[in-house]
Structure formats: C-alpha cells, structure tokens
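Below is one structure, written out as structure tokens, with a few remarks after it.
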Amino acid sequence: MTHSQRPLMRTTCLLAATGAMLFGSQAFAVGEVSLYTTREPGLIQPLLDDFNQQTGIKVNTVFVKDGLAERVKAEGDKSPADVLMTVDIGNLLDLVEQGVTQPVKSQVLESAIPANLRSDKGDWYALSLRDRVLYVDKDQKITEFTYEELADPKWKGKVCIRSGQHPYNTALIAAMIAHDGAEATEQWLRGVKANLARKATGGDREVARDILGGICDIGIANAYYVGRMKNSPEGSDARQWGDAINVVRPTFKQSGGTHVNVTGAAVARHAPNANNALKLLEYLVSDQAQSLYAKANYEYPVKAGVELDPVVASFGTLTADSLSLPEIARYRKQASELVDKVGFND
Amino acid sequence: MSIPASLPALASRPAAPSRHRILNAIWLPLAVLAAATVLAPLLSLAWSALQGSPGLWLHLAEHVLPRALSNTLALLLGVGIIVILLGTGAAWLVTAYDFPGRRILGWALLLPLAVPTYIIAFSYLDILHPLGPVPSALRWLLGIDSPRGLRLPDVRSLGGCILVLGFVLYPYVYLTTRVMFQSQAASLLEAARTLGAGRTEVFWRVALPLARPAIAIGASLALLEALNDIGASEFLGVQTLTVSVYTTWITRSDLPGAAQIALSMLALVLALILVERQGRKRQRYSLTQRPRPLQPLRLRGGRALLALILGWIPVVVGFLAPAAYLVEATAKRLHLVGGVSAQLLASLQNTVVLALTATLVTVLAGLVVAWAVRSARHRRQARLGAACARAASLGYAVPGTVLAIGLLTPLAVVDDVIGHVLSALFDIPPQLWLMGSMSALVLVYLLRFLAITVGGIEAGLARIPVSLDFAARSLGENSAGMLRRIHLPLLRPALAGAALLVFVDAMKELPATLLLRPMNFDTLATWLYAEAARGTYEEGAVAALAIVLAGLLPVVLLARAGQPTSARSSP
C-alpha cells in the first residue's frame, strides 16, 4: 500500500463508523411523548421529570428557537411531535393558523384554565402568564406608571428596552394599537425611541444590569426575570442586578390593566402519541405543576389559588389587561411594521 | 513522495478501457450534483419569495431595506478594512522580520479563529459594560465612585460591531496571505532586494501585488462570515440585512418576505465573489521549485519591542482578553455552583462527532468539485465546471437559519422518496430518515462550508503545474488514478488547511443546528444558546469556554499545516 492509499482506508473506516450514527430517527415506544418547544427545556425540566415520575411516560424534547411551525409542517404526517409549546401568544396562534395543531377537548383543562386563556375549540391552551413590567432604579420613587408615560420627554435618555422586534415587545405594541389606535401608537413609539438610553437590543435582564450600570433609570421587561435575579445566590452578578431595581406594574390608560403574554401549548396535528400529549397538558395545569411554574420559574400561574413565590407576590396583585389574546395577536404584524417605520431599533 | 520516481510505475499499469472512461467522466456529473444540492434550498427559497404580497415588498423597500443595506455596507467596508490591515500587516511582520517570540506569534495570530462571533460579542459586552473590568478599572484610576460618573462609548453600536468582527475575522486574511508570502514570493522578493529595493519598498511594490489574490480570498471569506453573522450583529443591535431577514421571518411570520431579503442579499454575495475573482485575475503561477522561505530581517532593541507589541495586539483583542474573561467567569461559576452538568460532556461529544463527519464529507465534496473544474479545464465543459464551483460556494454566504429553512422542503421530499422505497422494498414503516437525524445537520454543514474546501483545494491545485497532468496522461493514467497518485499527495497541506477551517466552523455553527437538530440532541453551541435563552448566560461561560478550547486544537494544527515543510525543516 502506498502512502496515499492509507488515508483513503482510514476515511472508509471512519465513514462506516459514523454512518451507523447518522441515519435513522429515534424510535418511539408507547410510553413516550415528544415535545417541540420554543421555550428552553431546562426551565421546565423539573416539571417533565415530575411528569415522568408520576406516569412513567418518557418526555423527548427538542428546543427549536425559531422555525417551529416550518419544521413541523415540513415533517408532515411523519412528524414525531406530540406537543408544541411556545412562549408567545402570536407564535402559538401561528401554529394553529398553519394547521400543524389539532383541537383536543378535556374537562380537566377547561376547568383549570379560564376561558379567555384557551381557544373555544381546544386548539391551544395557555399554561402560564408573563406580565411585562417596569424595572425602576431603586433610588427613583415611582409607584404608579402607565405604558403611555414611557414616551414622556421627562425620561429622555433614561429608558432601556430590548429589540422592538422581539415578540414580547411586538405583543405589547400590538396591545397599544388595540387600545389607542395605530396613529397614537406610532407617536408613542417615536416618543419611546427618543427616550432610549441605548440601542434597543439585548435581553430583558440587561435592563436591570444597565440600570445598575447607570446607563438608564427605568426599563420595560418581563416580571419573572426579577424573581430569578432576586433569588440568585448572594454575591452573584444576577443578584446584584436584581437588587438594584424595584418593579412597578404599569397599566394602559384605557383599561387600567397590565399587559400580559402567555406560554402555551397545543397538540400536534399528526401526534403519534396524542393520548400522552393530552396527559402532559393536563399534568401541566395540575396544582403541583402550576405551583412549580410559580416557584421555580416565577411565572404567574393560569390556575387560580396557586401560591406565588414571595418575590413575585411582593409586586402586588396582577390586574391583567382586559384585551383577549387573539385580539392582541391580530395587531402583531402591524406592530412589527411600526417598529420598522419609526426606526425603533436603529 | 517524489513524483519522478512514481511516474514510470504508471506506464506499466494496464487499465480496463471502460473503467478508464467512467473514472474520467464521473467528475463533472458529481460536481453538478454537489452544485444542485447547494442550489436546492436556494430554489426552494426563491419559490417562497414568489408567494409574497406586493404590499409587503413595498413596506420592506421603504422602511427596512435602505437602512439594512446601508448598515450592511458600512459593516462590510469597516470589517474589510480591518481584516486586510491586520491580516496582511501581521503576515508581513512575521514573514519579513525576526524578533523574539516570532514563532509563537506566528501561530498565536490564528487563535481568534477558535472564537465564534457571538461569544466574542457576549464577552466584550461584559468586559466593556460599566460594571465590567475595564470601566471599573478606569473609574478606580480616575477616582470616580459611581458608574454614572463615566460613560464610555457603547459597544452596542455599528462601530463596536465592526471592531469586534474585524478582530475575530482577520485570521482568514492572515492565513492565506502568510502562506503566499512564505512560499511563493521568496525568490521574487529576494530578486527585488538584490536590485536594491528596501524592505518597505519590497512590500509595496512586490509582496503586496503578489499577495493580492491571497488577500482577496481571505478577505472575501471574512466578509462572507460578517455578512451572514447573526450572533454579534443582533446582540450588538446592528440592523443588518441578515438581522432583517430574521426579524421579518420571526416576528411577522413572513417567510416570503424573509426569502425576498435573503435573495437580494445574494446579489451582494455575487458582487463579493466578483471582486474576489477580479482580485485573483491574471494571477496564475505554478510552483515549479521547492518553496523557499524569505530570509527575515533581524530586529533588535526598541524596534523588536515595537514589532512584538504591534503583533500581539490582534491576538490580545481577538482572543486573549475574551478567553481570559471566560476563564474568570467559569471559575466564578464553578465556585458558586460547584460543577458542570453531565450534559456538557454529551454536548461536547456530539459536537466533535458531528464536526468530524461534516468535515470529512465537505472535504470529499470539495475535492470532487475542484477536481472536476481542473479536469474540464480545456474541454467544452470548462464553463460548466466553473459554474458548478461558484454555485457550490453560494451556501457560505447564506445565513445559516435561512439555508436551514430553505432546506426543509427538499429534505421532506427526499425523506418521502426514501420512505417509499424502503417501505416497498423492506416493509419498513415510513419515518423521517434525514430530518430529525444527524444527517440533516451534516448536510446543512456541507452546504454552508463547501465554499471553504472548494476554494482551498482549487487554490492548492492551481499551484500544481499542469505539465504533471500531461505527463501522467501520456503515461496512460486515468483521472482518478492521477488524482490519487499525484495530486492528492501534493495537495496535502491545502486539504489539511481546508479541513481544519471547516471543522472549526462546524463546531461553532449555531443557527442551522438549532433548527435542524434531532430530539434530545445538543451541541456545545446550542447548549450555550439554551443557557443564554434561559437568561443565565454567565453560566453559558462554561460552554463558551468549552467551544473555544475545543476549537484551539484544530487551530494550532492549522497553524502548523500552514507552514510550508521547508520552512520547518530549514535551519
């Protein structure tokens, strides 16, 4: 064998060895359920483990950040997906619209979840609530705030917020359109843009970090991050950021309610384990799971009467905005176009 | 291996005529197949783009494209200037001058290749944040107590993004240009010197013009990376075309719109490729003598110190500072929590297996395409061969997410066909063979990175004199045999270089992996991303450090492969 032949032999062996690993999807036994989620599974892993303990059903997960609908659609009737989970109402309704879900009816789900947090037909169910709140430098004395006030010139150069195109923000802007109309919302967005202390980018926790870093005084972000930050180990960076701020729940002038988005789930249209999928959904609204949502993730439970984490409880009672979720989702594209139009992210 | 000795052996070897013909003719069809595979997701995107509504296009044209285009052009211009200055300057410094630590610097300059752009953006945001080490130290020096007392320019800006990308992407230029300085130019450079030109004059009048193709190749790779970067630009708040593709698709669930922007980006890419072709034009010289390194000028005292400092700046900014920061953050994390999860090890294994497989496949495909181009050189199909090579390189310019989305439909079709055949032949129930298994990931990596291997191997082949081909042919060797017995051994450095680049890139790949990976499967990059999504990205420092460390080994190997053999063996 010449020198040049040896690498070829090695190549062939490597190919054969890896070939075995490459092809063939996973096999799915009866006692399994497959979860496609745009929500990072680590956060709900305790819930999934608990579900597995109780039922013996194994949960497979794939964290698909973007393109969940596209992927499931392309997989078609051979898709192994059973449950589809998202962290934004718009994304959830997209799944329904794209026809990758199927309606399911369940007494358990209907009695646990209020009617405005699920579809009549059972196409989708909300599992937890996420209120979008004001982070305030703890030296600032603010107790009441409206979303409209964010555009007040007195906050010039003092406001931090993530990208206007992030679903959390487009949902908020969409709600503003539903309340005040597109024209007023455009003016409002221009006002907020003029008040920004830095580019609209990064994540929600960076609002707290930038407040501590002296870049801004107030900012808009989701409430559960505060629960996470203030419950972080003493001395960690996150704890210092969390301790630098207070939370005020802003309201819309019109409704007097706070903007709320949801995490939710639907059963996949071609779910091979539809029964297990339903079991998983029912488990996720059980008292036990809802309390895990509240205590481990600091999110607001959809089910009434579940105990809150002390940090979240300290924000006071949540008065959610009266708009229905599909109503908000309807204006989402318009909201996103307004963000482009006013150059919010520039 | 010495070529003359092996040639007589070729003549004595009888070859069956039919096999002979197949082995000669097989290359072009294979290259066409590779090009078609790259084009499939792009065509599927084009189809999506056609479904869009005109109203939407108006919105994009009025409010999105002008800004995104000007941001993107500014970014490319800025990054282009930085990578060319740093890359060429550093390459000349370590080739033409000798100073203490030159050899170490020679490979250290490649280290930023191991750092993905999204990690360096994360790191610099932390390092330069008012709460981070640099502003804190400045405040301490100036005696300012509150972070409010000192506002530095924010790295979350176009300028910040240009600097970050420039300092992490310059090794592409450094790598290609240094090889050129070291191997090809030596005799010409010395001729210039004997004719009385000084070192500076040699650089401007001989070395730089000679290195132009190498600079063009390196810079175009770096710019393509910058163009499809999503991590750093999005994180630093720069609305580039790629970021717009992303938001159009995600926030407006508007795939046609996203596809339209993505396709208009291809125009930019074609322009870049044209510039690169132009840069390479009229530059065909073959290596007819053994490469001889340039005799470097020994620097002493202050000048040596200056060279040392200048040379290390890109390494410190592009690698050492962020790496040191990650080490510190990891140490802090281990101290607070006391361990890393077992999942990290599983992710590491997935990453390495996946990257190795993708590298192997991509190098083979690149070899096929490049060889087809060379074989068809003087025949009627020459244009077809060249077109295949260009088409095969398009995937590198398309953002990973967009490529992955475009790939979904073709994958579904292939899965359907495989499913039908298998269930008809072996009664196996239909399932997703490609989608939802690692092969989809290997495929998308192949499409993304084929440009690297095609380009690298083409450049390597160009340095092998065509007279060798004629000699082998006249002695009766067929195309495959000629490749195996003559070109492959000579191509070894080029192959190694291309393979290592693909490996490093595959390890860092994030967006396409996120979309196409199978269930319960994480790579280091997706693991890091999940940590970041969980809002605990300082914990991601461990994964980030793992990516950087795992990328170090191939980069060091690359540094060794990049040195011509004679440079190492010469006294």
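Bear in mind these aren't lab numbers, they're just calculated from the coordinates by the rules spelled out. Here the structure is a predicted model, which is why all the values come from computation and not from measurement. Cβ sites come from the backbone with ideal geometry, for glycine too, and all protein chains shown count toward neighbours.
Quick notes
- Rg/Rg_globular for the protein assembly as shown, with Rg_globular taken as 2.2 N^0.38 Å and Rg from C-alpha atoms: 0.99
- Summarising the amide proton neighbourhood of A:Gly219: residues at separation of 5 or more, or on other chains, whose placed amide H is nearer than 5 Å comprise A:Tyr135, A:Cys160.
- The residues A:Arg190, B:Arg485, when put in order of fewest to most other Cβ atoms within 10 Å, stand as A:Arg190, B:Arg485.
- Averaging 1/r over each pair of different alpha-carbon atoms in region B:297-441 and inverting the result gives 21.3 Å, the Kirkwood hydrodynamic radius.
- Ranking B:Ala262, B:Leu356, A:Tyr224 by how far each Cα lies toward the positive end of the dipole of the protein assembly as shown (charges on Cβ) leaves B:Leu356 at the top.
- Farthest positive-ward along the protein assembly as shown dipole, Cα basis, beta-carbon charges - from B:Leu42, B:Leu367, A:Asn195: B:Leu367
- Working from the Cα coordinates of region B:443-506, the gyration tensor eigenvalues give, after taking √(5λ), semi-axes of 27, 11, 9 Å in decreasing order.
- Order of A:Phe344, B:Phe503 under a 10 Å beta carbon neighbour criterion, fewest first: A:Phe344, B:Phe503
- Inter-part distance, region A:207-245 to region B:364-428, computed on C-alpha centroids, equals 49 Å.
- Of A:Ile220, A:Ile142, A:Ile89, the one that fluctuates the most in a GNM where chain A has Cα springs shorter than 10 Å: A:Ile142
- Selected from A:Val312, A:Val62, A:Val192 as most flexible by GNM, with chain A as the system and alpha-carbon contacts under 10 Å: A:Val62
- Three-way shape call for region A:287-333 based on the alpha-carbon gyration tensor, with the a/c threshold at 1.5: prolate
- Debye equation applied to the C-alpha atoms of region A:172-317, log10 I(q)/I(0) at 0.10, 0.14, 0.15 Å⁻¹: -0.49, -0.88, -0.97
- Counting Cβ atoms of other protein chains within 10 Å of each Cβ in A:55-65 and taking the mean gives 4.
- Chain B: projected area of the alpha-carbon convex hull, averaged over directions, in nm²: 31.9 nm²
- Entries of A:Lys156/A:Lys199; A:Lys199/A:Lys253; A:Lys295/B:Lys332; A:Lys156/A:Lys193; A:Lys73/A:Lys105; A:Lys193/A:Lys341 with Cα pairs more than 18 Å apart: A:Lys199/A:Lys253; A:Lys295/B:Lys332; A:Lys73/A:Lys105
- Mean projected area in nm² (Cα convex hull; one quarter of hull surface) for chain A: 22.5 nm²
- Fraction of beta bridges assigned by DSSP in the protein assembly as shown that are antiparallel (%, nearest 5): 60 percent
- Calculated mean residue ellipticity, 222 nm, chain B: -23500 deg cm²/dmol, from DSSP H runs (n ≥ 4) at -39500 (n - 2.57) each, averaged per residue and rounded to 500.
- Taking every residue in B:63-69 and counting other chain Cβ atoms within 10 Å of its Cβ, the average works out to 2.
- 3J(HN,Hα) from dihedral phi, region B:231-242, Karplus parametrisation 6.51/-1.76/1.60, rounded to Hz, x for glycine, proline: x, 5, 5, 5, 5, 8, x, 9, 7, 8, 4, 4
- Zero-based 10 Å bins, Cα pair distances in region B:40-117, whole percents: 14, 24, 23, 18, 14, 7, 1
- Cβ crowding within 10 Å ranks B:Met519, B:Met435 as B:Met519, B:Met435, fewest other Cβ atoms first.
- Projected over every direction and averaged, the convex hull enclosing the alpha-carbon atoms of region B:206-256 yields 4.8 nm².
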